[in-house]
Amino acid sequence: METMDDYKAELDASFKRVREGDVMTGTVIGVSETEVTLDLKSYTEGIIRPEDFTEDPAFRIQENVHIGDEITAVVLQPDDGEGHILLSKKEASAQSAWETLQNYKNDGTALDLTVNGVVNGGVIVYVEGIRGFIPASKLSFTYVEDLNEWLHKPVRAQVITADESANRLVLSCKELLRAAQAEEKRARVSNLEVGLVTEGTVESLKEYGAFVALDNGLSGLLHVSQISDKRIKSPASVLHVGDRIKVKIIKLDGDRISLSMKALQDVAAKEIEEEIVKLPKAESASTSLGDLLKNLKF
């Protein structure tokens, strides 16, 4: 048979004096456009107004709060004038949010966010209910001309500054973009193998060689010594930016790709020599390697 002792803890809690600044946890028993009502297991119910829920402008109280949710909030007023306890989830969240944000920074956590606003020099996002700033220079690898194009768009970012005392939260997308780009490049390189013959476009010329944009989206170095079997003064004496060339992959070192045109010439010469050997004596005697090679273009 139940006795009053079975309800002692709840009775004690219900008569406990509530003070401003106390932290209380309750269960949502009502949601409207103007307030969330909590059962606090106390002498009265708790009320949270929309403006005391979060600073996130994208937050919609009737969409994001549900009956049965458990919420921890800070007491703003023990009596709101109508006998209820006025609470702020925003303040309770802020107390723990900065610790969480610091952990995000230390761990390099990737956060999927939405751009909620555009300001001078960057965009605004909200993390754990805290207003954060992403500088325009940290949004993309390329120059961002119109920040308004990012409004309401999803972004993936990392915390780079979390200063509670200055209420300063700064994030960056660049590091994650760079990591994703490097991973994609590694995956593409892993599909290559030494000896593969492919095509590409000369994208730049240096004294030591040419960089070639391959058709798979990667770039490789064609060293000056691998352009021709003849001695050349510089890559520019043979190649031009925009030239389409056929190359052979001769070395893979991490994500660095070494290419050769010379290797293709050597292969072609070997194949022709083998063909000469196969010719009848009379025909092979009148056909030299030079004759066969002179009209070939590499």
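Here are a few things to note about the model shown:
- Annotation: amide H-H contacts under 5 Å for GLY30 (H modelled 1.01 Å from N, sequence separation of 5 or more, or interchain): THR37.
- Across the cross-link table entries LYS90/LYS138; LYS138/LYS251; LYS89/LYS153; LYS206/LYS251; LYS174/LYS262; LYS185/LYS230, which are compared at the Cα atoms, the separations over 31 Å belong to LYS138/LYS251; LYS174/LYS262; LYS185/LYS230.
- In order through the stretch 179-195: 3J(HN,Hα) via Karplus (6.51 cos²θ - 1.76 cosθ + 1.60), integer Hz, x for Gly, Pro: 5, 5, 5, 5, 5, 5, 5, 4, 5, 5, 5, 5, 8, 8, 8, 4, x
- Each residue of the stretch 222-233 is assigned a 3J(HN,Hα), and the resulting list reads 9, 5, 4, 6, 10, 7, 8, 7, 9, 6, 10, 5 Hz, derived from the Karplus form 6.51 cos²θ - 1.76 cosθ + 1.60 (θ = phi - 60°), x at Gly and Pro.
- The phi-based Karplus calculation (6.51 cos²θ - 1.76 cosθ + 1.60; θ = phi - 60°) puts the 3J(HN,Hα) values of the stretch 19-28 at 10, 4, x, 5, 9, 10, 10, x, 10, 5 Hz, whole numbers, x for Gly and Pro.
- Taking amide hydrogens as placed 1.01 Å from N in the peptide plane, the amide H of LEU171 sits under 5 Å from those of PHE133, ILE134, ILE160, each at least 5 positions away in sequence or on another chain.
- Among the GluC sites (Glu not before Pro) found in the stretch 144-241, those both in a DSSP coil and sparsely packed, with 11 or fewer other Cβ atoms within 10 Å of their Cβ, are GLU145, GLU193, GLU207.
- Extension gain (nm, one decimal) between ASP22 and TYR43, 0.36 nm per residue minus Cα-Cα: 6.0 nm
- Amide H contacts under 5 Å for THR114, placed H, 5+ residues apart: TYR126, VAL155
Each value in this text was obtained by applying a stated rule to the coordinates, not by laboratory testing. Fair warning: this is a prediction, and the values are worked out from it, not measured in the lab. Positions of Cβ are backbone-derived with ideal geometry, glycine not excepted, and every protein chain shown enters the neighbour counts.
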